[in-house]
Amino acid sequence: MGEPIVLEDFKERVILVGVSEQDGDDAEDSLAELAELVKTAGASVAGTLIQKRELIHPGTYVGTGKVAEIAELLEHTGATGIVCDDELSPAQLKNLETMLNTKVMDRTLIILDIFAARATTSEGKIQVELAQLKYRLSRLTGLGRSMSRLGGGIGTRGPGEKKLEIDRRLINDRIAQLNRELKEVVKHREIARAKRERNAVPVVAIVGYTNAGKSTLLNHLTDAEVLEEDKLFATLDPTTRMLELEGHQQVLLTDTVGFIRKLPHHLIEAFKSTLEEAKYADYIIHVVDASNPQRDKQMYIVYETLDHLGVKNKKILTLFNKIDIRTDDDPLQDFRADHVLQISATENAGLDAVKDVLQEMLREDKIYIERVIPYAQAGVLQLVRNKGELVSEEYVPEGISIRAYVPMEVYGKL
């Protein structure tokens, strides 16, 4: 009997390609982040190459001279493909594949691939497939080399681009079906939001750059048991958990999908219902990786994405996380935040202060009262407990003496 055949997983090795359009831009940092994305997707980096150009080349992304350099690098390293740091147009994709005779991918495709691997719920899977199909639809470019029929004469008659049209119709039909399914999911999400509003439980959305520690924070505050990994986009599906504060105050904490530079448009559109959890929240917790030298740039990208989603006029608590592994001593500042704290979610450092500040933020939107509630109206006390914060209560001959923070609707009834 022969030796058993051992099948090993094939690991792709890729060349990273970026374009720097001006001095001082973040092309190198962006390429370093792309390397992390590629690693997360399961490939390894065989080499990197940055082309300095005033504008991205419309036909080949980097220009024909640089394409020849990439071909040499592919041959020298034995890489199985290239990954470009920007979303390629159909023409750029086709031209690079033709000229290099290798697998060509872009940043968007890598992110979509990671999302596809991470999606676990039906909603997440629908959103990822929708984004992938929209990406693929925009890249159905004619017949391609194998079926090219340019010019007139013999061979140009007949069905022509029939296969392409069938592919396009099938993709459009599937997109329409997924959109219908997603509408149902959005409807359920809206019902859940309306229920939360009726119960008057404040909602706090946790936002931040990918891998900043949002899931770790949620786990340590609420025992949520969300997956924690030192990887980009470790969790996709939003998780909501109740957090109990002093004075029987309760808030709902909702973890959201992490942001990243050059977040693909298809992904933002597909995940809009999930990302909009921040839009409908009462407060925002912005988690920042304090140990990352690019934290200021990452904060800018988070706020840019929030602005794009229409998240405005929310009170923001910024948490500079991973303070225990920070190596620099530059000041940690966020001028858009109402409150700023330094924490280490992994080490449970500063989390009591987080609860205290949340309590303070809730109180800022309530009215402080001192009242004596007649015993005949003792039912009002339950309203205060449910919708406000009861600081103290004392039974006196005239009734129940209370000190509390209450929302305007309750204040009117008192």
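Quick check, is THR77 of a type in the set (Ser, Thr, Tyr) and in contact with a helix residue (DSSP H, G or I) (Cβ under 8 Å, 6 or more places away or on another chain)?
Here the answer is no, as THR77 does not meet what is asked.
Given the condition at positive phi, in contact with an Asp or Glu (Cβ under 7 Å, 6 or more places away or on another chain) and of a type in the set (Lys, Arg), answer yes or no: does some residue in segment 281-297 qualify?
Scanning segment 281-297 turns up no residue that is at positive phi, in contact with an Asp or Glu (Cβ under 7 Å, 6 or more places away or on another chain) and of a type in the set (Lys, Arg).
State whether one or more residues within segment 287-306 are more than 23 Å from the chain's Cα centre (by Cα), charged (D, E, K, R) and not assigned by TED's automatic domain parsing to the domain that holds PRO407.
No, every residue in segment 287-306 fails to be more than 23 Å from the chain's Cα centre (by Cα), charged (D, E, K, R) and not assigned by TED's automatic domain parsing to the domain that holds PRO407.
For segment 386-398, which residues satisfy the criterion of being within 19 Å of VAL251 (Cβ to Cβ) and either exposed (fewer than 15 other Cβ atoms within 10 Å of the Cβ) or of a type in the set (A, V, I, L, M, F, W, C) (or both)?
Listed by number, the residues that qualify are ASN386, LEU390, VAL391.
Only one of ASP329, ASP365 is without any contact (Cβ under 8 Å) to a residue 12 or more places away in the chain and out of contact with any strand residue (DSSP E or B) (no Cβ under 7 Å at 6 or more places or on another chain); which?
Exactly one of ASP329, ASP365 is without any contact (Cβ under 8 Å) to a residue 12 or more places away in the chain and out of contact with any strand residue (DSSP E or B) (no Cβ under 7 Å at 6 or more places or on another chain), namely ASP329.
Looking at (1) under 30 Å from LEU275 (Cα atoms); (2) in a strand (DSSP E or B); (3) polar (S, T, N, Q), which is the only condition SER401 fails?
Looking at each condition in turn, SER401 falls short on (1).
Kindly indicate whether GLU197 is in a helix (DSSP H, G or I) and at pLDDT 75 or above.
No, not satisfied.
Pairs under 6 Å by beta carbon, first residue more than 13 Å from ILE110 (Cβ to Cβ) in segment 26-41, partner of a type in the set (Ser, Thr, Tyr) and not in a helix (DSSP H, G or I), six or more apart or different chains?
Within 6 Å, the pairs are ALA27/SER20.
Which of the following residues is surrounded by 17 or more Cβ atoms within 10 Å (Cβ to Cβ) and modelled with pLDDT under 95: THR64, THR60, THR77, THR98?
Among THR64, THR60, THR77, THR98, only THR60 is surrounded by 17 or more Cβ atoms within 10 Å (Cβ to Cβ) and modelled with pLDDT under 95.
Counting just the residues of segment 347-378 that are crowded, with 16+ Cβ neighbours inside 10 Å and touching a His at 6+ places or on another chain (Cβ under 8 Å), which one comes out farthest from ILE284 (Cα to Cα)?
That would be LEU351.
Can you work out which of the residues in segment 242-259 that are surrounded by fewer than 20 Cβ atoms within 10 Å (Cβ to Cβ) and touching a residue at least 12 places away in the same chain (Cβ under 8 Å) is nearest to the chain's Cα centre (by Cα)?
For segment 242-259, the residue satisfying everything is LEU252.
Are there any helices (runs of 4 or more DSSP H) wholly within segment 31-144 with 2 or more residues that are touching a Phe, Trp or Tyr at 6+ places or on another chain (Cβ under 7 Å) and within 26 Å of LYS272 (Cα to Cα), and if so which?
107-118, 122-137
Would you mind finding the one in ASP334, ASP324 that is touching a strand residue (DSSP E or B) at 6+ places or on another chain (Cβ under 9 Å), touching a residue at least 12 places away in the same chain (Cβ under 8 Å), closer than 23 Å to ILE260 by Cβ and among the charged types (D, E, K, R)?
Result of the check over ASP334, ASP324: ASP334.
Tell me whether segment 325-333 contains one or more residues that are under 21 Å from VAL203 (Cα atoms) and aliphatic (A, V, I, L, M).
No, the conditions are met nowhere in segment 325-333.
If you scan segment 31-44, which residues turn out to be under 15 Å from GLY18 (Cβ atoms) and surrounded by fewer than 19 Cβ atoms within 10 Å (Cβ to Cβ)?
Answer for segment 31-44, where residues must be under 15 Å from GLY18 (Cβ atoms) and surrounded by fewer than 19 Cβ atoms within 10 Å (Cβ to Cβ): ALA32, ALA35, GLU36.
Going by the structure shown, is ASN211 part of a helix (DSSP H, G or I) and either modelled with pLDDT of 85 or more or of a type in the set (Lys, Arg) (or both)?
Criteria not met by ASN211.
The values are calculated or read from the model by the stated rules, or taken from the named source; none is laboratory data. All values reported here derive from a predicted model rather than from experimental measurement. Methodologically, a virtual Cβ is constructed for each residue, glycine included, from the backbone with ideal geometry; neighbour enumeration extends over all protein chains shown.
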